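Presented below is the structure to which this report refers.
Read the figures in this text as sums done on the coordinates, not as results from a lab. This is a predicted model, so every value here is computed, not measured. Positions of Cβ are generated from backbone atoms using ideal geometry, with glycine treated the same way; all protein chains shown enter the neighbour counts.
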Amino acid sequence: MGTKGRLATILIALTIFGCKGPVQTSAASAGDNATGGSSGDGAAAASSSAGGTRVDYINDPSLGMNAISVTIPANWKFDSVFMQGGACAPTPFGVFRAVSPDGQSMVERMPTLAWQWGQGPMIGYAPKTDCLPMQKPMSAQEFLQYMATTMNVHYDGPAQVPAAEEAKAQKAMSDAQAAYAGKYAAMHTEPPKQQRQLARAAVSYNRGSLPMKGVLDVMVDCTETKWAGQQGLSKWAPGHPAQIVQGPGSVTDKCLASVTYYTAPDAKIAGLMQQWDAPGMGTKPVDAWVQAWLNRNNQQSEERISSMNQAAAAQRQANAQQFAHSMAVQQQMHDQFMQTMQEGHEHFMAGQAANMQARETSTSDWVDFALDRQTVLNTNTGQVNKISNQYTPTGPDVQVHGNGTPW
């Protein structure tokens, strides 16, 4: 994952950890080792509900500490597991199920689900596993319709999201974006575009002969990231030297859906929702764990950035060496071409001179013949003379061509 992708992951985590999640959270959590009783407005909720409430914890075994507090009715059964996230949904999350004493009502926090789409080379690096089979944008309410079909329950229609829950979720998103704006500015890169939607939907089904009602609650966080194209060398062609060029950019989109499912008999669903929508009920990240998780991820991010910088420097050096080699090869090919052309020209000129010499020699001999004379060279003096063909050269005189060149 690149630096920008790593920061985007931490930013997503901040938006999830920093808000109350799909169910109402307490205003403050008890200590990591607490086994019961909530605090703050959660305590007020406990005193106003029959039987009171208790706080259970979802433990993160990788850090060896409690990660998420869950405030539930005191006499309900509770089971949970902490999941570290996968390739498609990289942030950790807690999964739990709380069941009423009579076993008829239940609140279930489901695993975080994710899907993605995009265009450009970077989409080829996207995870190939544990993503939903959707490659397009989808509203939170459309996602709940998809979930209802998947869960084989009847989708009855939208339900109202409490205004306070909506406001807290959006504020957490804004705070998280502001927290990491400086890092993106320091990198001189555009931060990812994030959107958050909350939605609820009413559903129904039958448990044997008992009519059941349910509410699906979802928070959908979508992140759009723009990636600059990678630099590389263009292909070499005669007359067109290789150059460093910018490759095509990419745009990738990913959505994470955090779903909580409330279900009860038809006559009890309203009371269940009133009970769990009360202030203080539901999940809240433990502050110490959030800081520990962010510290670990920041350290991992710095290590990755350092490794990427070293790899990038090595790649730049390799590109420079490849470019220099390409230019040297092209220069060598050019020099060889010019040398071949020069040698060809010199050979041509030498041939032309030989032809001219041959023609001149032949012409001078023809002129001597026409004038009935011959050309002789005095080997002692080097003097060339024209004499009649009637005489035979004697002594130091020898016959030569009409232009004075030897036979």
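Some points to look at:
- Note on residue 128 and residue 304: the model spin-label points, each 7 Å out from Cα along the C-beta direction, lie 2.0 nm apart.
- Whole-Å distance, taken between Cα centres, linking segment 63-97 and segment 250-327: 16 Å
- 3J(HN,Hα) along segment 124-132: x, 8, 5, x, 9, 10, 6, 9, 5 Hz, from the Karplus curve 6.51 cos²θ - 1.76 cosθ + 1.60 with θ = phi - 60°, whole Hz, x for Gly and Pro.
- Förster-model FRET efficiency, 41 Å R0, residue 296 and residue 159, C-beta, rounded to 0.05: 0.60
- The order of the peptides 257-265, 324-332 by mean Cβ neighbours within 10 Å, most packed first, is 257-265, 324-332.
- Spatial offset of segment 343-401 relative to segment 147-177 amounts to 111 Å, using the alpha carbon center of each.
- Chymotrypsin sites (Phe, Trp or Tyr not before Pro) lying in DSSP loop within segment 108-160, provided at most 16 other Cβ fall within 10 Å: none
- Gain in span if fully extended, residue 108 to residue 195, counting 0.36 nm per residue against the direct Cα distance: 28.8 nm
- Where a label projected 7 Å from the Cα of residue 224 along Cα→Cβ would reach, residues of segment 176-210 with amide N under 11 Å: 193-195
- Amide H contacts of residue 67 (H built 1.01 Å from N, in plane; Pro and chain starts excluded): 58, 59, 60 sit under 5 Å, all sequence-distant by 5 or more or on other chains.
- FRET efficiency, 1/(1 + (r/R0)^6) with R0 51 Å, evaluated for residue 327 and residue 84 via beta carbons: 0.55
- Additional length obtainable on full extension of the chain from residue 381 to residue 117, 0.36 nm per residue less Cα span: 85.1 nm
- Sites residue 403 and residue 349 - FRET efficiency at Förster radius 25 Å, r taken between beta-carbons, to 0.05: 0.80
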